[in-house]
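> Dropping a structure here in structure tokens format, bear with me for questions.
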Amino acid sequence: MRWPNWQIVRAEVHRNIVNKRFIALALITQACICFTLIAIVVANTVAAYTGTEQFRHFIGEKSYYTLNDLGDQDGSFAQYMDLDAEEPYMRLRQFVNELRQNEEFSFISTIIQPLRIEYSPDMPDRFLYGYEEGDAREPAPLDDLDGALSVSQKAVHICPRVLDEFGITVAEGREFTNSDFALDSERVSVILGSEYREFYALGDTFKGLNLFEPMSFEVIGFLPEDTAMPVRGALFFLDRYILVPAFANVDLNQYPTFARITLSQQANGQIVIGDADLDVPRHVDRLSMKYNTFSFDVAKVDDSNIMGALRMSEAVLGVLLRIALVLILFTIVSLSASVLGYIRENYFRYGVHLMSGGSVTDILYQVLGTIGAIVGTALCLSLLTSLVFLGVGLHLLTAVLSALVVLVGSSIVPIVLIARLDVNSLLRRPE
């Protein structure tokens, strides 16, 4: 088989697209949306199933309960925050201590509370609180930091048992010790997520606000890459987070407001229980009445909860997948129809081409080149968009496979039509 003249093929493909530029642009846009939507469907499906399996891994056969105090509803929180009344604080502290000392279950506290850190232009926005949701705040000056610009960075405050409960270790440095959970100085030990390694080293310090208290933070360790743990029923990856001790011992006289707030946050913790036959909501109610402190709503978060969320996610993904499949079919039909129109418009040119020594194969390559240029441009735009917003993953390969399906599907009818061209009628001079 004689190879076509590629220079002529490229020139014809360029001419076809330029002459039908608006149609080509519409087809490229349509195909790009199609490939990107399929990439989003696959990326979300992978994320949903991965998150579910990791949640199951952490929970295993255990049951997971979250505590939510009702202090705002019954007015007891306002009494608790009264700086002239020490007794409500002591009662809640006894309540929390008894939960922590219970051997039938693990009572842990994981609190999502950002730290206000001095702003550095070298620090990427991905560490900012609210970044993933598109709600990251701009740097702002704070009087408590001598007027320096500051930003809110993602942080998780954890109690002493959290790392052991979920089998989390440090890749470098050391873990928290009991002394790190006592607020007896303004120097606070922190463990950083893996993505902080290029910006901090062990022993580095930085200034910031923990709630509203100025503190100096010292880096004592870094987490391994892709470290994750469940926080109140949701799985959090800690690569961009700062781990801060949830202080168990705070001087109430020195930090009257800070001590009350941190203790109430820790009281809204989680109970992880294995095989013990215990009615957790009833047990919490009894302790609440025993110490005359907040009432709590106790909710169970287990495999059924996460599977329910997954089923809802699957329903949404199913709708998106059906839309994507319709788009694929519509794109194939649109491309095929456009190319068929192009073939009919160029019958006379094909005759001239054949009389000049060309072949039907040359015409076929010109048509397939036009389809390939449109699909290839759409694929490149889709891959670039997916790479920027979704990162590297299986979804990129799926977008490529979708493009191949569109390319092959759009080429079938034109190939058949060109194969059936009546060469004699094309070569016959008009009367």
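The values are calculated or read from the model by the stated rules, or taken from the named source; none is laboratory data. As the structure is a computational prediction, the values presented were derived from the model and not from experiment. Here Cβ is always computed from backbone atoms with ideal geometry, including for glycine, and neighbour counts include all displayed protein chains. Please note that ligands, DNA and RNA were not included when accessible areas were found on the heavy atoms of the full protein model with its side chains. Shrake-Rupley method; radii C 1.70, N 1.55, O 1.52, S 1.80 Å.
> Go through region 80-93 and give me each residue that's open to solvent by less than 60 Å² (accessible area, probe 1.4 Å) and charged (D, E, K, R). Steps first, answer last, please.
First pass over region 80-93, keeping only residues open to solvent by less than 60 Å² (accessible area, probe 1.4 Å): 80-81, 85, 88-89, 91-92.
Once the filter is applied, which keeps residues that are open to solvent by less than 60 Å² (accessible area, probe 1.4 Å) and charged (D, E, K, R), region 80-93 yields only ARG91.
> Can you report the number of residues in region 177-205 which are touching a residue at least 60 places away in the same chain (Cβ under 8 Å), part of a strand (DSSP E or B) and surrounded by fewer than 17 Cβ atoms within 10 Å (Cβ to Cβ)? Working first, answer last.
Here is the first cut: in region 177-205, the residues touching a residue at least 60 places away in the same chain (Cβ under 8 Å) are 180-184, 195-196, 199.
Now drop any that are not part of a strand (DSSP E or B), which leaves 182-183.
After this cut, where a residue has to be surrounded by fewer than 17 Cβ atoms within 10 Å (Cβ to Cβ) as well, the list is 182.
Final tally of qualifying residues: 1.
Table: residues versus (1) within 30 Å of LYS207 (Cα to Cα); (2) open to solvent by 30 Å² or more (accessible area, probe 1.4 Å); (3) at pLDDT 90 or above.
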| residue | (1), (2), (3) |
| --- | --- |
| PHE95 | no, no, yes |
| LEU99 | no, no, yes |
| PHE107 | no, no, yes |
| ILE111 | yes, no, yes |
| LEU115 | yes, no, yes |
| TYR129 | yes, yes, no |
| ARG137 | yes, yes, no |
| ALA140 | yes, yes, no |
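> If you don't mind, another one. Condition first: open to solvent by less than 20 Å² (accessible area, probe 1.4 Å), of a type in the set (A, V, I, L, M) and touching a residue at least 60 places away in the same chain (Cβ under 8 Å). Now tell me which residues in region 206-252 satisfy that.
LEU209, ALA228, MET229, VAL231, LEU238, ILE242, LEU243, VAL244, ALA246, VAL250
> Taking region 182-211, which residues are touching a Leu at 6+ places or on another chain (Cβ under 6 Å) and among the small types (Gly, Ala, Ser)?
GLY193, SER194, GLY208
> Could I ask something else about it? Looking only at residues in region 143-170 that are touching an Asp or Glu at 6+ places or on another chain (Cβ under 9 Å) and modelled with pLDDT under 80, which one is most open to solvent (accessible area, probe 1.4 Å)?
ASP144
> Can you list residue pairs whose Cβ atoms sit under 6 Å apart, with the first residue in region 286-297 being over 11 Å from LEU99 (Cβ atoms) and the second being among the small types (Gly, Ala, Ser)? Count only pairs 6 or more apart in sequence or on different chains.
These pairs meet every condition: PHE294/GLY71; PHE294/SER76; SER295/SER288.
> Within region 388-398, take every residue that is in a helix (DSSP H, G or I) and under 26 Å from ARG126 (Cα atoms) and give me the one that is most open to solvent (accessible area, probe 1.4 Å).
Per the criteria, the residue is PHE389.
> Contact list please: Cβ distance under 8 Å, first residue in region 359-387 and over 16 Å from VAL413 (Cβ atoms), second residue assigned to a loop (DSSP other than H, G, I, E, B) and open to solvent by 30 Å² or more (accessible area, probe 1.4 Å), pairs at least six apart or on different chains.
SER359/ARG2; THR361/MET1; THR361/ARG2; ASP362/ASN5
> For the structure I just gave you, tell me whether GLY376 is small (Gly, Ala, Ser), within 33 Å of the chain's Cα centre (by Cα) and at pLDDT 90 or above.
yes
> Can I ask one more? Tally time: how many residues in region 253-285 are assigned to a loop (DSSP other than H, G, I, E, B), without any contact (Cβ under 8 Å) to a residue 24 or more places away in the chain and either surrounded by 17 or more Cβ atoms within 10 Å (Cβ to Cβ) or not charged (D, E, K, R) (or both)?
Total meeting the criteria: 2.
> Same structure, new question: Do the conditions hold for GLU133, that is, is it in contact with a strand residue (DSSP E or B) (Cβ under 9 Å, 6 or more places away or on another chain), open to solvent by 80 Å² or more (accessible area, probe 1.4 Å) and over 18 Å from ALA228 (Cα atoms)?
No: the conditions fail for GLU133.
> Moving on. With the condition kept exactly as written, say whether any residue in region 410-417 is closer than 16 Å to PHE330 by Cα, surrounded by fewer than 17 Cβ atoms within 10 Å (Cβ to Cβ) and not acidic (Asp, Glu).
yes
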